[in-house]
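Derivation of every value follows stated rules applied to the coordinates shown; laboratory data play no part. Remember, predicted model here, so these are calculated numbers, not experimental data. As a convention, Cβ positions derive from the backbone with ideal geometry for all residues, glycine included, and neighbour counts pool all protein chains shown.
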């Protein structure tokens with residue numbers, strides 16, 4: 001009798017496992033079909049910076065061949081496998097080091113971005129408007145847009161901002177990790193309590209141009225001020241929900257609830273630091289311990305040996321597709337599905353959730369949402385519908401504002417508030 005009961009229990013468990021596997025495969029097949037109909041428009045990929053610092057051939061767009069599997073997280077086969085139909089390529093420049101000038105580096109990064117797009121005309125196409133994006137996707141190509149990551153790149157000049165727009169830049173993240181003369185960053189000191197008067201003028205001029213205002217990386221006060229000023233929808237190109245993971249780079253509910261009135265979109269990112277509280281806490285603890293090892297080591301060689309030994313005995317917490325889906329569902333429950341997008345941040349982070357280690361991983365996220373009961377109509381808003389709406393509204397706002405006012409002649413002054 002006992003053996004019969006045990007055998008029956010094992011059979012039930014086996015049947016349940018088979019059923020679960022079948023459901024997972026069906027959900028993944030469903031997700032892949034959906035992404036053929038409504039490809040992902042991703043808000044942030046750092047491929048241009050990855051190429052700039054490639055170990056083998058830095059800055060060499062020709063050598064970093066996207067037709068083959070690359071050493072990074074992005075290439076054409078994996079983009080196609082991931083169902084990507086549109087990509088904002090981040091033309092990132094670090095704000096921590098002036099070098100010979102931010103603008104020089106920014107122009108170089110825009111050049112790298114545009115050369116990447118030009119090298120693969122059969123797969124990539126420069127897009128400047130929402131119509132361009134849709135036209136490219138209908139042709140089976142990946143619509144490619146450029147995004148400046150950090151307002152330090154304009155060097156306090158609205159003329160530089162306009163020049164970047166003319167070169168194809170379609171969003172600018174107001175700050176990166178460094179507080180500017182006119183805007184506070186999330187990961188730096190708060191000097192202004194948000195935006196200064198010049199910072200507000202930057203937002204207004206971006207609205208007039210039709211350049212999306214990106215609020216990833218900025219402080220809460222800067223987020224709030226930008227929402228007060230902006231006449232067009234804003235974006236968060238790669239941020240997640242702070243209610244689920246208490247990181248300054250994430251967006252608090254108090255800001256998220258303002259998105260419906262503005263019409264903007266938060267493009268949920270996959271970076272484990274921003275997705276998993278356990279992962280973030282572990283990394284913070286490791287950082288502190290490594291700092292202590294560094295201070296105790298008599299020389300760099302000793303430190304590196306101790307660091308290697310330390311890392312060999314440590315294991316990072318598991319971060320999954322389900323963790324990303326939790327952030328998406330939190331935002332939907334809070335403000336609705338119309339204000340959510342996707343911003344993976346590939347080639348901008350070392351770690352990603354299991355199953356989403358590179359740009360081929362998008363179907364697994366959408367399969368998870370399918371299993372959770374999301375409708376195709378909802379999923380298509382997240383893949384492309386919401387960000388296309390935001391782009392069109394920003395374009396319409398720009399047309400109206402250009403009829404109302406000329407380019408701003410405002411000049412930054414250290415004495416102005």
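Summary table
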| read-out | value |
| --- | --- |
| Within a Gaussian network of the chain (alpha carbon springs, distance under 10 Å), most fluctuating of 40, 337, 268 | 337 |
| R0 of 45 Å, Cβ-Cβ distance residue 310-residue 63: FRET efficiency to nearest 0.05 | 0.85 |
| Gaussian network model of the chain, Cα within-10 Å springs - most flexible of 120, 303, 339 | 303 |
| Part-to-part distance (alpha-carbon centres) for region 18-83 and region 128-166, which is given in Å | 21 Å |
| Degrees, to the nearest 10: 277-296 long Cα axis against longest axis of the chain | 70 degrees |
| Distribution of pairwise C-alpha distances over region 181-305, 5 Å bins, in % | 2, 11, 17, 18, 16, 11, 8, 7, 5, 4, 2, 0 |
| Degrees, to the nearest 10: 2-37 long Cα axis against longest axis of the chain | 30 degrees |
| Bridge type composition, the chain - antiparallel percent by DSSP, nearest 5 | 5 percent |
| Gain upon complete extension [residue 404, residue 258; 0.36 nm per residue less C-alpha separation] | 49.9 nm |
| Whole-angstrom Cα spans of region 277-318 along principal axes, big to small | 34, 17, 9 |
| Using alpha-carbon coordinates, inclination of helix 300-312 to the longest axis of the chain, degrees | 40 degrees |
| The chain: relative contact order in percent, alpha carbon pairs under 8 Å with at least 6 residues between | 20 percent |
| Region 283-362: relative contact order in percent, alpha carbon pairs under 8 Å with at least 6 residues between | 24 percent |
| Proxy reagent accessibility, fewest Cβ within 10 Å first, across 173, 196, 269, 282 | 282, 196, 173, 269 |
| Extension gain, residue 23 back to residue 283 (0.36 nm per residue minus Cα-Cα distance, nm) | 90.1 nm |
| Residue of 57, 377, 297 that the Gaussian network model of the chain assigns the largest fluctuation, springs spanning Cα pairs under 10 Å | 297 |
| Region 66-137 - Debye-derived log10 I(q)/I(0), Cα point model, q = 0.24, 0.27 Å⁻¹ | -1.15, -1.27 |
| Percent breakdown of C-alpha pair distances by 10 Å bin, ordered from the shortest bin, for region 182-251 | 23, 52, 23, 2 |
| Label assignment, semi-axes √(5λ) of the Cα gyration tensor in Å derived from the structure, set (1) 36, 27, 22; (2) 71, 32, 18; (3) 50, 26, 16 | (1) |
| Computed [θ] at 222 nm, helices only, for the chain once each DSSP H run of length n ≥ 4 contributes -39500 (n - 2.57) | -15000 deg cm²/dmol |
| Scattering curve values for region 225-285, log₁₀ I(q)/I(0), Debye with Cα scatterers, q = 0.13, 0.17, 0.22 Å⁻¹ | -0.37, -0.57, -0.83 |
| Region 71-133 - percent relative contact order, Cα under 8 Å, separation 6 or more | 25 percent |
